[in-house]
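Engineer: One structure follows; several queries about it will come next.
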Amino acid sequence: QVQLVESGGGLVQPGASLRLTCTASGLSLSQWPVIWYRQAPGKDREVVAIYGYTERPTSYADSVRGRFTISRDDAKNAAYLQMNGLKPEDTAMYFCNVKVFTPRFSDYWGQGTQVTVSS
């Protein structure tokens, strides 16, 4: 019933920009934290950006701060990751994650969208 679908990845040159989209069905993204993760082959999954509930609702990994921006459009029930100044080390599968805490804890993931940065 709950589904997250990522889109917007692709093969781009260094310095290019991409906007990833996470489209949700079966839950409202406005109610829960949204986290973008990425995972490169042979590497651990890492947090890229978080849209949370604190007075500083967004946070970023050091490696992407200043280049990436996480946002939500509640009317569209979608979350985004704007990626500027892409570098080869940004190459990874990018995943949208939503953590739901009520009525029970659920951890939802999309299938991922591939971002490849290469000249």
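Engineer: Can you give me the long-range amide H partners of GLY110? Hydrogens built in the peptide plane at 1.01 Å from N, cutoff under 5 Å, separation of 5 or more residues or another chain.
Structural biologist: HN-HN under 5 Å from GLY110: CYS96.
Engineer: What Kirkwood hydrodynamic radius do you get for the range 1-56 when you take the inverse of the mean 1/r over all pairs of distinct Cα atoms, in Å?
Structural biologist: Mean inverse Cα-Cα distance, inverted, gives 13.6 Å.
Engineer: What list of ³J(HN,Hα) couplings, whole Hz, do you get for the range 87-97 from phi and the Karplus terms 6.51, -1.76, 1.60, once you set θ to phi - 60° and write x for glycine and proline?
Structural biologist: So the J values, rounded to whole Hz, are 10, x, 5, 7, 4, 4, 8, 9, 10, 9, 10.
Engineer: Further question: Determine the share of the range 71-115's accessible area contributed by carbon and sulfur atoms, expressed in whole percent, with a 1.4 angstrom probe.
Structural biologist: Values: 1180 of 2260 Å².
Carbon and sulfur: 52 percent of the exposed surface of the range 71-115.
Engineer: In the chain, which longest range has no chymotrypsin sites (Phe, Trp or Tyr not before Pro) that are both DSSP loop (not H, G, I, E or B) and surrounded by at most 15 other Cβ atoms within 10 Å?
Structural biologist: 1-52
Engineer: Right, something else. Once phi is turned into θ = phi - 60°, what whole-Hz ³J(HN,Hα) does the Karplus curve with 6.51, -1.76 and 1.60 give for every residue of the range 58-65, x standing for Gly and Pro?
Structural biologist: Each residue's phi maps through the Karplus curve to give 10, 8, 9, 5, 4, 5, 10, 4 Hz.
Engineer: If you count only protein heavy atoms with a 1.4 Å probe, what accessible area per residue comes out for the chain, rounded to a whole Å²?
Structural biologist: Accessible area per residue: 55 Å².
Engineer: A follow-up question, please. Which trypsin sites (Lys or Arg not before Pro) in the range 1-110 sit in a loop by DSSP (not H, G, I, E or B) and have at most 16 other Cβ atoms within 10 Å of their own Cβ?
Structural biologist: LYS43, ARG45, ARG67, LYS76, ARG104
Engineer: Out of residues 5 or more away from ALA40 or on other chains, whose amide H comes under 5 Å of its own, with H placed 1.01 Å from N in the peptide plane?
Structural biologist: MET93
Engineer: Read phi for every residue in the range 21-31 and hand back ³J(HN,Hα) as whole Hz from Karplus 6.51 cos²θ - 1.76 cosθ + 1.60, θ = phi - 60°, with x for Gly and Pro.
Structural biologist: Result, ordered by residue: 10, 10, 9, 10, 9, x, 7, 9, 5, 5, 9 Hz.
The values are calculated or read from the model by the stated rules, or taken from the named source; none is laboratory data. As the structure is a prediction and not an experimental result, all values here were calculated from the model. When we count neighbours, we look across all protein chains shown, and the Cβ atoms used for this are built from the backbone with ideal geometry, even at glycine. Heads up: the accessible areas ignore ligands, DNA and RNA and are worked out on the full protein's heavy atoms, side chains in. Shrake-Rupley method; radii C 1.70, N 1.55, O 1.52, S 1.80 Å.
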